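See below for the structure under consideration.
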Amino acid sequence: MKPEQFKADVLPLRDGLFRVARRMLEEEQDAEDAVQEAFLKLWQLRDSLDRYDSLAAFATTVTRNLCIDKLRLRERQCSLDDSLYKQAAPDNPYLQLERSSTEALLKAIIEDLPGLQQAIIKLRDIEEYELDEIATITGTSVEAVRVNLSRARKRVRETFVRMTNH
């Protein structure tokens, strides 16, 4: 793929890729970094991009995978206690502490899911994508998305109940 064609075909995908990255990473700067890394990776693969039926779906997959890598790295670098300080305290600090702990626990449980289930549950329940959009992004069938979403939700529910009911 020539540079002019790359500019015409790939650069217009930026807003959509940023939206995916922003929703997954929850931080604007991290999302910008992920999109830039995705463009770099796509540039390195520019000679083989013609093989893909949907350049947008492939670019989204590359971005999603980079976001998953960033989330894994972030989890290793940050302790769960750090999430308590990211949110403003409401009138009831005990309620805020409990809410933060629950959010951190759910986030940790989701991070422990297998990669595909983790991506699907985030895309559906956090980013509110439709099942067919998730199927396109993940390169799986709609039925596979349904099955993985069901399994992911069940695992999150069971793990949460087990960890909160001493």
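The numbers here are math on the coordinates, done by the rules we state, and not lab data. Treat the numbers as computed from the prediction; the structure is a model and nothing was measured. Glycine gets a Cβ as well: all are built from the backbone with ideal geometry, and neighbour counts include every protein chain shown.
Structure above, values below:
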| read-out | value |
| --- | --- |
| Listed residue (Leu25, Asn65, Leu40) projecting farthest to the positive dipole end of segment 1-77, Cβ model | Asn65 |
| Estimated dipole of segment 1-73 in Debye, rounded to 20 [Cβ of Lys and Arg +1, of Asp and Glu -1, Cα centre] | 160 |
| 14 Å beta-carbon shell around Ser48, net charge (K/R +1, D/E -1) | 0 |
| Karplus (6.51, -1.76, 1.60) ³J(HN,Hα), θ = phi - 60°, over segment 3-16, in Hz, Gly and Pro reported as x | x, 5, 5, 4, 4, 6, 8, 9, 4, x, 7, 3, 4, x |
| Karplus (6.51, -1.76, 1.60) ³J(HN,Hα), θ = phi - 60°, over segment 117-131, in Hz, Gly and Pro reported as x | 5, 4, 5, 5, 5, 5, 4, 7, 8, 9, 8, 6, 6, 7, 4 |
| Neighbourhood net charge (14 Å Cβ-Cβ; Lys/Arg +1, Asp/Glu -1) for Ala21 | -1 |
| Karplus-derived HN-Hα couplings along segment 49-63 (A = 6.51, B = -1.76, C = 1.60, θ = phi - 60°), whole Hz, x at Gly and Pro | 5, 5, 6, 8, 5, 10, 5, 5, 5, 5, 4, 5, 5, 4, 5 |
| Segment 1-77: translational diffusion in µm²/s, Stokes-Einstein, Kirkwood Rh over Cα pairs, 25 °C, 0.890 mPa s | 195 |
| Cβ crowding within 10 Å averaged over residues, with 148-156, 25-33 ranked highest first | 148-156, 25-33 |
| Taking segment 1-72 and dividing mean pair separation by its residue count, relative contact order in percent (alpha carbons under 8 Å, at least six apart) | 42 |
